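Notes for the one structure printed next.
The values are calculated or read from the model by the stated rules, or taken from the named source; none is laboratory data. Bear in mind the structure is a predicted one, so any value in this text is a computation, not a measurement. With ideal geometry, Cβ positions are generated from the backbone for all residues, glycine too; neighbour counts draw on all protein chains shown. Ligands, DNA and RNA are excluded from the accessible area calculation, which covers all protein heavy atoms including side chains. Shrake-Rupley method; radii C 1.70, N 1.55, O 1.52, S 1.80 Å.
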Amino acid sequence: MFKAAIALLLASVAVPVAAETVAVTADHMVDVATGKTIDRPVVVITDGRISAVGVQGSLAVPADARRIDLAGQTILPGLIDMHVHLDADSRISGFKGLEYTDSFWQAVGVANARAMLEAGFTTVRNVGSTNYNDVGLKQAVEGGYIAGPRIVPATYALGATGGHCDNSEGLPPSFAALAQPSVADGADGYRKLVRTVRKYGAEVIKICATGGVLSRSDTAGAQQMTLEEMRAVADEAHMLGMKVAAHAHGAEGINAALRAGIDTIEHASLADAESFRLAKAGGAWFSMDIYDDDYILAEGAKNGVYPESLEKERQIGRKQRETFREAFRAGVKMVFGTDNGGVFPAGQNALQFAKMVEWGMQPIDAIRAATINAAQALGRTGDVGTIAVGRYGDIVAVTGDPTANVALLEHPGAVIKGGVRIR
């Protein structure tokens, strides 16, 4: 019996398969680290990761490599959006969302994941999801069940009772059952929430330090978590090896989050000179969704956005863009984050690049925000953000020079994830 069991065990061991090698060639490649353009590049990808980068004719390519020739195109690293909501639809806002059953939003996430991937975003950080949908989407992508980007899930966004992250905010007491398991009051409550969402798959922690625009009854700039509560989140998350993102519009909430040791500030609409000083001193990043104002004011009323929210957007939208320009000039580190999915249609993430240039960046700065900078903010420089040996074979291609016209990224000619061409 023992010998039979050993024979069965040996028979069940998978036989190693030969490594798949892919060679990607193009006319040009943007080196995001130096800002230089390299002519006639070749990128060799073995089992999903880059094994060699060189110039055509100078780098030996294995004879059995599968070829992807992107003639006439310029390649860049796969793009990274640091602020998305996969299980949300911008066309269903406000009370309209109550018309749909809970499982509907996971189906939305499947469609949104594909749309973002096909748009060239091979990595996304999902900063807020219900029912742990983003963890399920990540598992489905990694298992090959659905197409989508590499997902860094936050699961639920953590916040205060009645605050921006309380889904029963604005509803009568009889809807109290809608309160999410992400609401706490007091430092110990937040420490427990951090441990809970990590237990169920969170890889980054998201908090709501201030009110928001799309929540109905709060004030966007008002602080909603105390400094002690934010420190508890940051300390607990960092102890567990996780980073923390803070939704924060108002200066007081932003500055408290920065003093607490939060890693990225989302929106940062009303940040001031003290915010810039604290961010630079602490090495924090700003993730500012400056395209959103256009879409919210144009389409929000039709989509069901609360009238109160539209008024808040009118008050805060332009100011956020001015703050973006001032923060960049002051030397604050910036990453690319859009609120895509939740605020404007999934897959249109790249519309923000042109806004970033309009409000003070050079095209290469905007590209870096969505590649090398985002990888650094994620703590994933060994995996994503550059076309370099050891990184995933994630590549986006455009026809033309994106360092001269960053809007070219709105219409990629090819997307490659892990050496597999998506489109």
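Compared with the dominant principal axis of the Cα atoms in the chain, helix 104-118 is inclined by about 50°.
Which aspartates and glutamates have a Cα lying under 13 Å from the Cα of LYS355, excluding residues fewer than 8 positions away in the same chain? Within the straight-line limit of under 13 Å, LYS355 reaches these aspartates and glutamates: ASP289, ASP292, ASP293, ASP294, GLU322, ASP365, GLU410.
Applying the criteria of a DSSP loop state and at most 16 other Cβ atoms within 10 Å to the chymotrypsin sites (Phe, Trp or Tyr not before Pro) of the range 49-135 yields TYR100.
Structure shown: which of LYS138/LYS243; LYS192/LYS417; LYS312/LYS417; LYS199/LYS280 lie over 29 Å apart, alpha-carbon to alpha-carbon? With Cα atoms farther than 29 Å apart: LYS192/LYS417; LYS312/LYS417; LYS199/LYS280.
Tell me the label-point distance for the pair HIS238, ARG277, using the 7 Å Cα-to-Cβ offset, in nm and rounded to one decimal. If labels sit at HIS238 and ARG277, their model points lie 2.0 nm apart. Per-residue ellipticity at 222 nm, computed for the chain from helices alone with -39500 (n - 2.57) per DSSP H run of at least four residues, works out to -10000 deg cm²/dmol. Placing unit charges on each Cβ (+1 for Lys and Arg, -1 for Asp and Glu) gives the chain a dipole about its Cα centre, and among THR226, VAL110, PHE276 the Cα reaching farthest toward its positive end belongs to VAL110. The residues neighbouring GLN320, those whose beta-carbon lies less than 9 Å from its own, together hold a net charge of -1 under the Lys/Arg +1, Asp/Glu -1 convention. Taken over the range 16-126, the percentage of Cα pairs per 5 Å bin, counting from 0 up to the bin with the maximum distance, is 2, 10, 15, 16, 13, 12, 10, 8, 6, 6, 2, 1, 0. Pop out the carbon and sulfur fraction of the accessible area of the range 279-385 as a percent, whole number, probe 1.4 Å. Answer for the range 279-385 is 46 percent, counting heavy atoms of protein chains only.
Summary of packing: across the peptides 215-224, 158-167, the per-residue average of other C-beta atoms within 10 Å ranks them, highest first, as 158-167, 215-224.
Placing dummy labels 7 Å off each Cα toward the beta-carbon, the span from GLN56 to LEU310 is 5.2 nm.
The residues packed around LYS192, meaning those with a beta-carbon under 14 Å from its beta-carbon, carry a net charge of -1 if Lys and Arg are +1 and Asp and Glu are -1.
Note on THR210: accessible area is roughly 0 Å² with a 1.4 Å probe, heavy atoms of protein only.
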